[in-house]
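One structure below.
The values are calculated or read from the model by the stated rules, or taken from the named source; none is laboratory data. Remember, it's a predicted structure, so these values are computed and weren't measured experimentally. Heads up, the Cβs are rebuilt from the backbone with ideal geometry, glycines too, and the neighbour counts pull from every protein chain shown. All accessible areas refer to the heavy atoms of the entire protein, side chains included, with ligands and DNA or RNA removed. Shrake-Rupley method; radii C 1.70, N 1.55, O 1.52, S 1.80 Å.
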Amino acid sequence: MSVDRDCGSEVVVARRRLVRVRLSGAAALAAGLVCGSSAASGPRTQAAAGGRPRPLGPGRAWSELEAGNRRWRTFHESHPDRAGDVRRALVDGQHPFAVVLGCVDSRVPPELVFDQGLGDLLTVRSAGEVLDEAVLGSIAYGVLELGVPLIVVLGHQGCGAVASAVHAEAGGELPAHIRYLADRIRPAIDHRLQGKARIDAAVTENVRRVRARLADEPDLAARVADGRLAVAGARYELTSQRVRKVP
């Protein structure tokens, strides 16, 4: 009798395990369907990559960048959106929440400065944030095709391109392609200032001028006017690693 009871109890345990396996499988399937429908119905409200929520609107996008820069400069980086599931999800598309036009300077990579990951930022870089047709087209792609709500023009302390433009005005010779950059930065130079103060002020004024031109671009101006898009200027300080908005 004891053997029969033992056999019976083993059967009951086996059945319970089978039920748990089936329930777990059903739950996993349901979760997958929910995640899939969420990503398909609104990629701008739910990240397609890994489920990390995307900031909605220019204000929240800037707040996310501020928070990321705070993590960066205090050495509390979270290194988001780099895992294997994110990489696989990004195969099907991208939904960045900000376009960052930055300098080519190797000390100012936007994804690190703002502690963002794959699929988060559409990054466009040119020396001194100089605009040409390729740069403008790249920015417009992010806004018009991907629905990005925020453009950030990111200048930085100690910009070599701006320094070259200042030195060229004093009679310095520049190679042809670098002269092209200097000619476009030159209107930002304040001749009332001297030395490092002139270079530093030109960095900020150059950001303002590029920001204004982008906001006036016909393809972008309508979105700025109705609040779907903001164009912000900012400066990165090498000494503190802090990003500040340029008024």
Region 198-247, residues that are open to solvent by less than 80 Å² (accessible area, probe 1.4 Å) and over 18 Å from Gly128 (Cβ atoms): Ala215, Glu217, Leu220, Ala221, Ala222, Arg223, Val224, Gly227, Leu229, Ala230, Ser240, Gln241
From the options Asp81, Asp105, residue that is farther than 18 Å from Val246 by Cα and at pLDDT below 95: Asp81
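Can you find even one residue in region 147-167 that is more than 22 Å from Arg211 (Cα to Cα), in contact (Cβ under 8 Å) with a residue 40 or more places away in the chain and under 17 Å from the mean Cα position of the chain (by Cα)?
Looking through region 147-167, none of the residues is more than 22 Å from Arg211 (Cα to Cα), in contact (Cβ under 8 Å) with a residue 40 or more places away in the chain and under 17 Å from the mean Cα position of the chain (by Cα).
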Return the residue satisfying two criteria in turn: it lies in region 63-89 and is in contact with a Lys or Arg (Cβ under 9 Å, 6 or more places away or on another chain) and part of a loop (DSSP other than H, G, I, E, B), and of such residues it is surrounded by the fewest Cβ atoms within 10 Å (Cβ to Cβ). His76
Meets criteria (surrounded by fewer than 20 Cβ atoms within 10 Å (Cβ to Cβ) and outside any strand (DSSP E or B)) for Ala140: yes
Can you tell me which residue among Val224, Val210, Val203 is touching a strand residue (DSSP E or B) at 6+ places or on another chain (Cβ under 7 Å), closer than 25 Å to Arg71 by Cβ and assigned to a helix (DSSP H, G or I)? Val203
Can you name every residue in region 183-197 that is free of Cβ contacts under 8 Å to residues at least 40 places away in the same chain and within 20 Å of Arg211 (Cβ to Cβ)? Asp183, Arg186, Pro187, Ala188, Ile189, Asp190
Can you tell me which of Leu193, Leu122 is in a strand (DSSP E or B) and either aliphatic (A, V, I, L, M) or within 24 Å of Arg82 (Cα to Cα) (or both)? Leu122
Please determine whether any residue of region 96-115 is within 10 Å of the chain's Cα centre (by Cα) and either hydroxyl-bearing (Ser, Thr, Tyr) or open to solvent by 10 Å² or more (accessible area, probe 1.4 Å) (or both). yes
